[in-house]
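Nothing in this text is a laboratory measurement; each read-out follows from the coordinates by a stated rule. Just so we're clear, the structure is a prediction, and the values are computed from it rather than from any experiment. As a convention, Cβ positions derive from the backbone with ideal geometry for all residues, glycine included, and neighbour counts pool all protein chains shown.
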Amino acid sequence: MQDYSYSLGEIIKRERVHAGLTQMQVAEALHIDVRTLLNIENHRGNPKFEILLELIRFFKIDANTIFYSEQPDATSAQQKLRLLIGGIAEKDAETLLPVIESVLKALHANDVPAD
């Protein structure tokens, strides 16, 4: 199994800094020891599943970026869109589907077909 501690640490630190949060603020929000977060960000050890799940949810991280770090990254906008869509109810997805299809069709209306 791939050691994901490096990619996990880098992603968590990047997201925490981007959010303008200290390690203490994140630790308090997730009710974990600040040393746990420090160890994760410094690539030391693997967190318990419950902590990993809370970090992924807290920062709205696409778990694929952690577990499949060898794959090319999707853009941040694509990741956010995937997470937004992944968290909606089926009824909402049914409502949004024709809207998204129409928007995509309009965006690509002027695309030139490949020969």
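Give the range of the longest stretch in the chain that excludes all trypsin sites (Lys or Arg not before Pro) found in loop regions by DSSP and having at most 15 other beta-carbon atoms within 10 Å.
61-115
Nearest 10 degrees, 0 to 90: what angle lies between the long axis of helix 49-59 and the longest principal axis of the chain (Cα atoms)?
With both axes taken from Cα atoms, the answer is about 50 degrees.
When the Karplus curve 6.51 cos²θ - 1.76 cosθ + 1.60 is applied with θ = phi - 60°, which whole-Hz ³J(HN,Hα) does each residue of the stretch 86-96 get, with x for Gly and Pro?
In residue order, the calculated couplings are x, x, 9, 6, 4, 4, 5, 5, 5, 6, 6 Hz.
With an 8 Å Cα cut-off and a minimum separation of 6 or more residues, compute the relative contact order for the stretch 5-67 in percent.
The normalised contact order for the stretch 5-67 reaches 43 percent.
Can you give the helix-only mean residue ellipticity at 222 nm for the chain, where every DSSP H stretch with n ≥ 4 adds -39500 (n - 2.57) and the sum goes over all residues, rounded to the nearest 500 deg cm²/dmol?
-19000 deg cm²/dmol
Which of the lysines could be linked to residue 60 by a straight reach, that is with a Cα gap under 16 Å, when you skip same-chain ones fewer than 8 residues away?
13, 80
For Rg and Dmax of the Cα atoms in Å, the listed values are (1) 18.0, 58; (2) 13.9, 44; (3) 20.1, 66; which was obtained by calculation from the structure presented?
The value computed from this structure is option (1).
How far is it, in nm, from the label point at residue 91 to the one at residue 38 when both lie 7 Å from their Cα along the line to the Cβ?
For residue 91 paired with residue 38, the spin-label model returns 4.8 nm.
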